[in-house]
Amino acid sequence: MLKGKTALVTGSTSGIGLATARALAADGANIMLNGFGDKAEIEKLRAGLEKEFGIRAKYSAADMSKPAEIADMVAATEKEFGSLDVLVNNAGIQFVANIEDFPADKWDAIIAINLSSSFHSIRAAMPGMKKRKWGRIINIASAHGLVASAQKVAYVAAKHGIVGLTKVVAVEAANDGVTCNAICPGWVLTPLVQKQIDARAQAKGQSPREAEIALLSEKQPMHQFTKPENIGALAVFLSSDAAASITGSAYSIDGGWVAQ
Ligand code: NAD
């Protein structure tokens, strides 16, 4: 379906981003990978995508907290592959503390990486998408784009911001063949969440499994994690022709988290 198209997935060296890059590659898209990690491991991922799916894959080391590097990455994608057709804004970080203890530099970093990076990438990608009259922008928000949790002030503010940004982009590009949607996952077991489980286990003297169940049941009626591949499958659907008129929406994939 996406054969001949190119997808850029930010933060795709791990977790949801990697699963989404794999799902888009399986659907035929060429892939620009991005994110931090061990150089040799990333090269293994890149070469593995090419071999497994018969597509072309490149890697950009752009830091999503740096606007100039984001613009360069978008330009490099268009130059390398001829177009940027599917943009998945996924890179994200987390920090947990009460607001009075929340370090200002952590606030700045989370707003930069989880919110402003999407503004910068969309701003750079939009002219090409509008010119070609085809584009899919998918912003990985969170259940925290729709509801709050204590101790996550920067994350919740950034993710609510992403849902708002998604709507504005959708409205602006509505007649240019470009859609923009947000995906709002609940708990997905990735390194980002594993860190929170480990911290809880240590703080409360729980086993990792006890901490895992406690974490899930606090928020989700469904006591199981969403699989990263399921987020990838939703991104593929939102990139399909069947989803051509879906725009400005925030798709929950959260085990019932925000239904309560
Ligand atoms: P992860 O930690 O497994 O992956 C994060 C990715 O972002 C990595 O590839 C990392 O290298 C990259 N990254 C971090 N800072 C970066 C920077 N400055 N520049 C470039 N890349 C950077 O996390 P994940 O759980 O897969 O999260 C991915 C996205 O999904 C995030 O936006 C997160 O908020 C969102 N999300 C996750 C969950 C969950 O339960 N895991 C739930 C809802 C939303």
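The values are calculated or read from the model by the stated rules, or taken from the named source; none is laboratory data. From a predicted model like this one, the values you see are computed outputs, not experimental measurements. Glycine gets a Cβ as well: all are built from the backbone with ideal geometry, and neighbour counts include every protein chain shown. Please note that ligands, DNA and RNA were not included when accessible areas were found on the heavy atoms of the full protein model with its side chains. Shrake-Rupley method; radii C 1.70, N 1.55, O 1.52, S 1.80 Å.
Taking (1) under 29 Å from A143 (Cα atoms); (2) open to solvent by 20 Å² or more (accessible area, probe 1.4 Å) in turn, K79 satisfies each apart from (1).
Only one of the listed residues (L49, L45, L2) is modelled with pLDDT of 95 or more and part of a loop (DSSP other than H, G, I, E, B). That residue is L2.
Being open to solvent by 10 Å² or more (accessible area, probe 1.4 Å) and either more than 9 Å from the ligand (Cβ to nearest atom) or over 27 Å from A158 (Cα atoms) (or both) narrows it down to one of I31, I16, I55, so name that one. Explain how you work it out, then say what you get.
Values: I31 fails: open to solvent by 10 Å² or more (accessible area, probe 1.4 Å); I16 fails: either more than 9 Å from the ligand (Cβ to nearest atom) or over 27 Å from A158 (Cα atoms) (or both).
When all the criteria are applied, what remains is I55.
Residues considered: T166, T179. Of these, the only one that is away from the ligand (no atom under 12 Å from the Cβ), among the polar types (S, T, N, Q), modelled with pLDDT of 95 or more and part of a helix (DSSP H, G or I) is T166. Here is a list of conditions, (1) modelled with pLDDT under 95; (2) assigned by TED's automatic domain parsing to the domain that holds F95, and Q206 meets all of them except one; can you say which number that is? Of everything listed in (1) modelled with pLDDT under 95; (2) assigned by TED's automatic domain parsing to the domain that holds F95, Q206 misses just condition (2). When restricted to residues that are surrounded by fewer than 21 Cβ atoms within 10 Å (Cβ to Cβ) and over 23 Å from A148 (Cβ atoms), segment 175-197 contains 4. Picking from residues in segment 96-131 that are charged (D, E, K, R) and surrounded by fewer than 16 Cβ atoms within 10 Å (Cβ to Cβ), the one that is farthest from the ligand (Cβ to nearest atom) is K131. A residue that is within 21 Å of C184 (Cα to Cα), part of a loop (DSSP other than H, G, I, E, B) and modelled with pLDDT of 95 or more occurs nowhere in segment 70-89. Any residue in segment 198-210 that is surrounded by 13 or more Cβ atoms within 10 Å (Cβ to Cβ), over 17 Å from the mean Cα position of the chain (by Cα) and in contact (Cβ under 8 Å) with a residue 40 or more places away in the chain? Within segment 198-210 (the criterion being surrounded by 13 or more Cβ atoms within 10 Å (Cβ to Cβ), over 17 Å from the mean Cα position of the chain (by Cα) and in contact (Cβ under 8 Å) with a residue 40 or more places away in the chain), the answer is no, since none of the residues qualifies. Scan segment 58-78 for residues that are more than 16 Å from the ligand (Cβ to nearest atom) and of a type in the set (S, T, Y) and the total you get is 0.
Please determine whether any residue of segment 7-30 is part of a strand (DSSP E or B) and closer than 23 Å to I110 by Cβ.
There is at least one residue in segment 7-30 that is part of a strand (DSSP E or B) and closer than 23 Å to I110 by Cβ.
Contact annotation: residue pairs with Cβ atoms under 7 Å, 6 or more positions apart or on different chains, pairing a residue in segment 126-144 that is at pLDDT 95 or above with a partner that is hydroxyl-bearing (S, T, Y) and within 16 Å of the ligand (Cβ to nearest atom), are N139/S118; N139/T166; A143/S252; H144/Y155.
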